[in-house]
Amino acid sequence: MSDAIARLLDVRARIAACAAESGRDAGDVRLVAVSKTHPIDAIRPLLEAGHRIFGENRVQEAAAKFPALREDHPDLELHLIGPLQSNKAGDAVALFDVIETVDREKIARELAREMERQQRRLRLYVQVNTGEEPQKAGIAPGDAVAFVERCRSVHGLAIEGLMCIPPADENPGPHFALLRQLARECRVERLSMGMSGDYEIAVAFGATSVRVGSAIFGHRPALPSVPRETRLSHAVATLPARPISLR
Ligand SMILES: *Cc1c(COP(=O)(O)O)cnc(C)c1O
């Protein structure tokens, strides 16, 4: 058995245990295996072991990998979990089954148009920026109810659920609780929340799907295409805001 399959089974078992502890049915929590940066050869064994739900964060990368995989496994289910640019809406509608990152009017409009044009109905989630982080995608929590309403009434979109990515350095619990509360106010059923580091907490807070990458596939290879200057400025940008005391 490959390492990835062993880890997949372990993640599934943990989800089931957490669900049981929270009085939930393990079958109510879906596992999206996040395969971004990993090659087709790393994904295939999971498909062969029966796993069907995958997540990718870039349209182009998914377009390079998934058509071939879908040929052998037509019932696989592919989720877009990264930001969508409106000029890629057509490709996204052709390629994905679920888009979890609807977060602005222009995207809602383009998706509605493309689904009509391609006669494909995707399942859609609205991404909420629960931490109101300026660099992060997602609609502000205070605007979520009105936005979901406009997706329905203006664009005719059926929104299935809400998705969030809590700030990396915060306790995720309050963010998961907020997403759950907003879902109630928006009258949507599903909650996509929880990643490798916090999916068990997310299940306790009511996640109906978790997006797990590194806990299944192992650590992602460093991005080779990022120029050195960018990496450097990224490193500077991620330094702690306050100097670390040496005493
Ligand atoms: C990469 C990614 C994940 C998976 O992250 P891991 O920490 O590797 O589990 C989940 N959700 C989103 C939106 C991502 O971009």
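Throughout, read-outs are computed from the coordinates displayed, never taken from laboratory work. These numbers were taken from a predicted model, which means no experiment stands behind them.
For the reader, a short list of remarks on this structure follows.
- Under the span-like rule (Cα at least 15 Å along the axis, Kyte-Doolittle mean at least 0.5), DSSP H helices of the chain: 3-21
- Taking every C-alpha pair closer than 8 Å and separated by at least 6 residues, the mean separation divided by the residue count of the chain gives a relative contact order of 19 percent.
- Partners of residue 36 within straight-line reach, counting lysines whose Cα lies under 19 Å from its Cα and excluding those fewer than 8 residues away in the same chain: 65, 88, 136.
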